[in-house]
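Visitor: Sharing a structure here in structure tokens format.
The values are calculated or read from the model by the stated rules, or taken from the named source; none is laboratory data. Note that the coordinates shown come from a computational prediction; the quantities given were computed from them, not determined experimentally. Don't worry about glycine lacking a Cβ; one is built from the backbone with ideal geometry, like all the others, and counts go over all protein chains shown.
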């Protein structure tokens, strides 16, 4: 399943469903929701939470040697895909949230 984060302030951010749900949890939203909204009032907290998660992920990765970093990650259906860090996955979403806050428009998904 694919989930698309949308805002009138910027281009769409498209993610695998499991990754999008993880980002929702990081932002303080219900992870199981395939539809949702971040209101303009909720954006500052969601941005702060994503920034903290990105910083923590980068700090953890910095302590690891290249050969210690995972090469693959498990998908919900049991297959494998190349590993992508939380920081790499969250950065486009963070940019969408920051543009949305600047333009004072909400971010929605699943609509």
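Visitor: Any chance the stretch 38-46 includes a residue that's part of a strand (DSSP E or B), surrounded by 17 or more Cβ atoms within 10 Å (Cβ to Cβ) and touching a strand residue (DSSP E or B) at 6+ places or on another chain (Cβ under 8 Å)?
Guide: Filtering the stretch 38-46 for residues part of a strand (DSSP E or B) gives 38.
Those still in the list that are surrounded by 17 or more Cβ atoms within 10 Å (Cβ to Cβ) too: 38.
If we keep only those that are touching a strand residue (DSSP E or B) at 6+ places or on another chain (Cβ under 8 Å) as well, we get 38.
Checking the stretch 38-46: at least one residue is part of a strand (DSSP E or B), surrounded by 17 or more Cβ atoms within 10 Å (Cβ to Cβ) and touching a strand residue (DSSP E or B) at 6+ places or on another chain (Cβ under 8 Å).
Visitor: Taking the condition out of contact with any helix residue (DSSP H, G or I) (no Cβ under 7 Å at 6 or more places or on another chain), assigned to a helix (DSSP H, G or I) and farther than 13 Å from residue 91 by Cα, does residue 6 pass? Even if it seems obvious, please write down each step before you answer.
Guide: On the way: out of contact with any helix residue (DSSP H, G or I) (no Cβ under 7 Å at 6 or more places or on another chain): yes; assigned to a helix (DSSP H, G or I): no; farther than 13 Å from residue 91 by Cα: yes.
Criteria not met by residue 6.
Visitor: Give all pairs with beta carbons closer than 6 Å in which a residue from the stretch 21-46 that is at positive phi meets a residue that is part of a helix (DSSP H, G or I) and surrounded by 13 or more Cβ atoms within 10 Å (Cβ to Cβ); count only pairs at least 6 apart in sequence or on separate chains.
Guide: Taking only residues 6 or more apart or on different chains, the pairs are 28/49.
Visitor: So which residues in the stretch 31-48 are in contact with a helix residue (DSSP H, G or I) (Cβ under 9 Å, 6 or more places away or on another chain) and closer than 14 Å to residue 98 by Cα?
Guide: Step one: filter the stretch 31-48 for residues in contact with a helix residue (DSSP H, G or I) (Cβ under 9 Å, 6 or more places away or on another chain), giving 31-34, 36, 38, 40, 42-47.
Passing the criteria: 38, 40, 42, 43, 44, 45, 46, 47.
Visitor: Quick one: in the stretch 13-30, which of the residues that are farther than 18 Å from residue 77 by Cβ and either surrounded by 20 or more Cβ atoms within 10 Å (Cβ to Cβ) or touching a helix residue (DSSP H, G or I) at 6+ places or on another chain (Cβ under 8 Å) (or both) is modelled with the lowest pLDDT? Step through it out loud before you land on a result.
Guide: Quick first cut of the stretch 13-30, residues farther than 18 Å from residue 77 by Cβ only: 13-14, 23-30.
If we keep only those that are either surrounded by 20 or more Cβ atoms within 10 Å (Cβ to Cβ) or touching a helix residue (DSSP H, G or I) at 6+ places or on another chain (Cβ under 8 Å) (or both) as well, we get 13, 23-24, 26-30.
Working: 13: 97, 23: 94, 24: 94, 26: 94, 27: 94, 28: 91, 29: 89, 30: 78.
Per the stated criteria, the residue is 30.
Visitor: Please state which one of 102, 51 is modelled with pLDDT of 95 or more, out of contact with any helix residue (DSSP H, G or I) (no Cβ under 9 Å at 6 or more places or on another chain) and surrounded by 10 or more Cβ atoms within 10 Å (Cβ to Cβ). So that I can check it myself, show each step before the final result.
Guide: Numbers: 51 fails: out of contact with any helix residue (DSSP H, G or I) (no Cβ under 9 Å at 6 or more places or on another chain).
Matching residue, one of 102, 51: 102.
Visitor: Somewhere in the stretch 66-85, is a residue surrounded by 17 or more Cβ atoms within 10 Å (Cβ to Cβ) and under 15 Å from the mean Cα position of the chain (by Cα)?
Guide: No.
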